[in-house]
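Worksheet: one structure, shown below.
The values are calculated or read from the model by the stated rules, or taken from the named source; none is laboratory data. Just so it is clear, the structure is predicted and the values come from calculations on it, not from any experiment. Ideal geometry is used to build each Cβ from the backbone, glycine not excepted, and the neighbour counts take in all protein chains shown. Surface accessibility is based on the protein's heavy atoms, side chains included, excluding ligands, DNA and RNA. Shrake-Rupley method; radii C 1.70, N 1.55, O 1.52, S 1.80 Å.
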Amino acid sequence: MFVSDFRKEFYELVQSQRVLLFVASDVDALCACKILQALFQCDHVQYTLVPVSGWQELETAFLEHKEQFHYFILINCGANVDLLDILQPDEDTIFFVCDTHRPVNIVNVYNDTQIKLLIKQDDDLEVPAYDDIFRDEEEEDEEHSGNDSDGSEPSEKRTRLEEEIVQQTMKRRQRREWEARRRDILFDYEQYEYHGTSSAMVMFDLAWMMSKDLNDMLWWAIVGLTDQWVQDKITQMKYVTDVGILQRHVSRHNHRNEDEENTLSVDCTRISFEYDLRLVLYQHWSLHDSLCNTSYTAARFKLWSVHGQKRLQEFLADMGLPLKQVKQKFQSMDISLKENLREMIEESANKFGMKDMRVQTFSIHFGFKHKFLASDVVFATMSLMESPEKDSSGTDHFIQALDSLSRSNLDKLYLGLELAKKQLRATQQTIASCLCTNLVISQGPFLYCSLMEGTPDVMLFSKPASLSLLSKHLLKSFVCSTKNRRCKLLPLVMAAPLSTEQGTVTVVGIPPETDGSDRKNFFGRAFEKAAESTSSRTLHNHFDLSVIELKAEDRSKFLDALVSLLS
């Protein structure tokens, strides 16, 4: 059931209890977790934190801990499946679910006792009515005994029997119609997967309602929202609306009178709203590297071709920036050039057909030396979490990523930025090789691309978030490079090797890349059906339904089934 008063029905309930936090491995979940941890620290709430990367880990961790806890909080996992069916909890166990995955499972919505959904009602949830989905089991029809003892005429008895048969037939027909309607309603409701309001924003809202919101919490809410935007999980319209909400909080927390007494102290944290460039990590890299590794500019210039490289040189010449300046670290560029750099880049970008070169975002200053854009922190945290190091576990990566969000651990954040640069370079090189060797092929109703074993950096893309980001950027670049109009409107299915020993691949489905795209993804259900109909050995372990693991030998029959399903 949806919780209407988060403070009374959630926070005050868990305040006096020991609670268990299950947190999914994505940046938005980490930010929501940081806000909740800060609140729990304020009120001395005892909690245990368990990172989970998929359904299997969630089930295992729940079995391990279910005896010790009554209250479980799930962040960015658990809303889009029937939780009680998967976890089989005791009757006094209560789950609080704060999750961006939509649609919310219908059983979770109408379970009043054990499932409490910390989900904003203003998201367009379009939940079907209770009576359309559930119906009380009618009493089994009583057996009619033929020899009634009332001694009435046989003709009367026959008439009464006929009436009863007609009634039964009517009831059965109504039930069949209701079941058919229920199937249609559920199909329409569950067909597309999409994302709602960022969990970090929902948690910040709770802190604000209780007057416990701090500047740090506000920054984490901003990073959570930016993560959704970077990963294309929400529409541009939703992003701009949510930025507007956070902007009001930023002005409230960070306004200062410009008099002598209010000058900044050296270690002060300051957040500001920016209308900044859409270039990744450009303040921690060189401008040239950033232009080459941002998917927006790389796709528009077509940098994988010689002609594209020429266009980039023309673009830099149009701005009047010397190559020597562009190729050195941004920090070391001439101050005279940096002063109006954004305006220069925006003006030249407009001439080259890039109208959206600037974007609404936020930046944070730690004292005078350290300045980060929200997207810098997203890329750094994501790279730490999906680091391809063999010798450390997923939990180690999770904790390192969680630590990098604290301002006391700036060294970890800088380490994350270096990993992110490596990841972004590898992404653009992989896209270039896929497009130059025509690896993206049309299968009819969708495009398909498969990364081969032995491709450089292929292990960087075995993790779901990295592969999804690569697929989205590849689709953008493909749409810019292809002349086939039909192919521009197709979705993409991408596969990358996961484990050579087990012979498995990760498969990701990405919705079509169109301007008015509502970011709704239909691959989750399609993957399930295709696997079912061909008995392919798949593992639907990820919280995003459009990411699955598949045995490499079953790949061709799985794809054939997917083609016939979507044709």
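Quick one: compute a quarter of the convex hull surface over the Cα atoms of the range 408-473 and quote it in nm².
Approximately 5.4 nm², given one-decimal rounding.
Can you tell me the dipole magnitude for the chain around its Cα centre, using point charges on the Cβ only (Lys, Arg +1; Asp, Glu -1), in Debye to the nearest 20? Working shown, then result.
Details: 63 positive and 87 negative charges, 772 e Å.
Its charge dipole is roughly 3720 debye.
Using 0.36 nm times the number of residues separating ARG172 and LYS338, minus their current alpha carbon distance, what extension gain do you get?
52.2 nm
Considering only DSSP beta bridges whose two residues both sit in the chain, what percent are antiparallel, to the nearest 5?
55
With a cap of 13 neighbouring Cβ atoms within 10 Å, and only residues DSSP puts in a loop, list the GluC sites (Glu not before Pro) found in the range 30-88. Could the numbers behind the result be given before it?
Values: sites: GLU57, GLU59, GLU64, GLU67; in loops: GLU67.
Those that pass, being in a loop and sparsely packed, are GLU67.
If DNA, RNA and ligands are ignored and the probe is 1.4 Å, what is the ranking of VAL508, VAL306 by accessible area, most exposed first?
VAL306, VAL508
Once the whole set of protein chains is in place, how much accessible area is left on THR241, using a 1.4 Å probe, in Å² to the nearest 10?
80
Roughly how tilted is helix 464-481, in degrees to the nearest 10 and between 0 and 90, from the longest Cα axis of the chain?
Roughly 70 degrees between the two axes.
Starting at 0 and stepping by 5 Å, how many percent of the alpha carbon pairs of the range 1-125 end up in each bin?
The calculated distribution, bin by bin, is 2, 11, 23, 27, 23, 12, 3, 0.
I'd like to check one number: the per residue accessible area of the chain, probe 1.4 Å, reported in Å² as a whole number.
48
Scan the range 417-522 for GluC sites (Glu not before Pro) in coil per DSSP, keeping those whose Cβ has at most 11 other Cβ atoms within 10 Å, and list them by number.
In loop regions of the range 417-522 (DSSP not H, G, I, E or B), the sparsely surrounded GluC sites (Glu not before Pro) are GLU453, GLU501.
Cα gyration tensor of the range 345-499, axes a ≥ b ≥ c as square roots of the eigenvalues: rounded (a/c below 1.5), prolate (a/b > b/c) or oblate?
oblate
Filter the chymotrypsin sites (Phe, Trp or Tyr not before Pro) in the range 324-397 down to the DSSP loop ones having no more than 13 other Cβ atoms within 10 Å, then list what survives.
Counting only loop positions with at most 13 other Cβ atoms within 10 Å, the chymotrypsin sites (Phe, Trp or Tyr not before Pro) in the range 324-397 are PHE368.
Please report the Cα spread of the range 18-63 along all three principal axes, rounded to whole Å, starting with the longest.
33, 24, 7
I'd like the carbon and sulfur percentage of the solvent accessible area for the chain, probe radius 1.4 Å, heavy atoms only, ligands and nucleic acids excluded. Don't skip to the answer; put the middle values down first.
Values: 13310 of 27100 Å².
Of the solvent-accessible surface of the chain, carbon and sulfur hold 49 percent.
Beyond 19 Å, what share of the Cα-Cα pairs of the range 422-523 is found? Please give it as a whole percent.
The share of Cα pairs beyond 19 Å in the range 422-523 comes to 38 percent.
Of LYS422/LYS551; LYS463/LYS520; LYS171/LYS520, which ones are farther than 27 Å apart at the Cα?
LYS422/LYS551; LYS171/LYS520
For the range 473-567, take the convex hull of the Cα atoms, compute a quarter of its surface area, and give me that in nm², please.
Its average projected convex-hull area is 6.7 nm².
Report the rotationally averaged projected area of the range 163-209 based on its alpha-carbon convex hull, in square nanometres.
It is 5.9 nm².
Given bins 10 angstrom wide, list per bin the percent of all Cα-Cα distances in the range 283-335, short to long.
For the range 283-335, the binned pair fractions read 25, 55, 20, 0 percent.
For the range 190-326, what does the alpha-carbon gyration tensor say about shape, rounded, prolate or oblate, given a ≥ b ≥ c as the root eigenvalues, a/c under 1.5 as rounded, and a/b over b/c as prolate?
Verdict is oblate for the range 190-326.
Between LEU539 and GLU162, how high is the FRET efficiency from 1/(1 + (r/R0)^6) when r is the Cβ-Cβ distance and R₀ = 56 Å? Nearest 0.05.
That pair, LEU539 with GLU162, gives E of 0.50.
Considering all alpha-carbon pairs of the range 317-377, what whole percent are spaced by more than 20 angstrom?
40
Once the convex hull of the C-alpha atoms of the range 357-449 is built, how many Å³ does it hold per residue, rounded to a whole number?
167
Calculate the FRET efficiency for SER155 and ASP184 from the Cβ-Cβ distance with a Förster distance of 51 Å, rounded to the nearest 0.05.
0.70
Suppose the chain between GLU274 and MET452 were pulled fully straight at 0.36 nm per residue; how much longer would it get relative to their current alpha carbon spacing? Present the calculation step by step, with values, prior to reporting the outcome.
Values: separation 178, 0.36 × 178 = 64.08 nm, distance 4.10 nm.
Gain on stretching GLU274 to MET452: 60.0 nm.
What is the ratio of the Cα radius of gyration of the chain to 2.2 N^0.38 Å, where N is its residue count, to two decimals?
Taking the Cα Rg and dividing by 2.2 N^0.38 Å, one obtains 1.12.
Please list the three semi-axes, largest first and in whole Å, of the ellipsoid equivalent to the range 144-245, using sqrt of 5 times the eigenvalues of its alpha carbon gyration tensor. Mind dumping the intermediate values first?
Working: eigenvalues 833, 63, 14 Å².
Largest first, the range 144-245 gives 65, 18, 9 Å.
Just how far, in whole angstrom, is the range 109-131 from the range 19-86 if you go by their alpha carbon centroids?
The range 19-86 and the range 109-131 have Cα centres spaced 19 Å from each other.
Taking trypsin sites (Lys or Arg not before Pro) as candidate sites, keep only those in a DSSP loop with at most 10 other Cβ atoms within 10 Å, then name the longest stretch of the chain containing none of them. Could the numbers behind the result be given before it?
On the way: sites that count: LYS355, LYS369, LYS390, LYS483, ARG485, ARG486.
Longest gap between qualifying sites, sites excluded: 1-354.
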